[in-house]
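Only the coordinates and a few stated rules stand behind these numbers; no lab work does. Just so it is clear, the model here is predicted, and its values are computed rather than measured. Methodologically, a virtual Cβ is constructed for each residue, glycine included, from the backbone with ideal geometry; neighbour enumeration extends over all protein chains shown.
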Amino acid sequence: MPRQWTPDDAGCYVDGARGIYAGEMIQEIARDEGRKDEILCCNGVLSDSECQCPSHRDPEAYYWATEEAEEYLNEHCAPKDHYFGNSEQGDWGLWPVEEGN
């Protein structure tokens, strides 16, 4: 069962400098919180940090796996008035919902 994050947990969890590889970390965070889906990397399926099919590239599946991981975290872990997602600076983490959004 995922833990309930608190507003004190707000901040950056995946630096935007990771580029395309940020999605792997987002999926890993969701898995650590109880999401059961396999982790996809930009080269295929990632298992224990070793890609099992390095020649396979499916950017659309990778994108959707990352989106679904983020949705999972928002539905099951995010505190009220906070969300998991990207900041204006491109970092990914847990952020407070700003007024007017």
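Here the simple spin-label model places points 7 Å from the Cα toward Cβ, and for ALA17 and ARG3 these points are separated by 2.6 nm. Stretched out straight at 0.36 nm per residue, the stretch from SER87 to ARG31 would grow longer than its current Cα-Cα span by 18.0 nm.
Taking a Cβ cut-off of under 15 Å around THR6, the surrounding Lys, Arg, Asp and Glu residues balance to a net charge of -2, with basic ones at +1 and acidic ones at -1.
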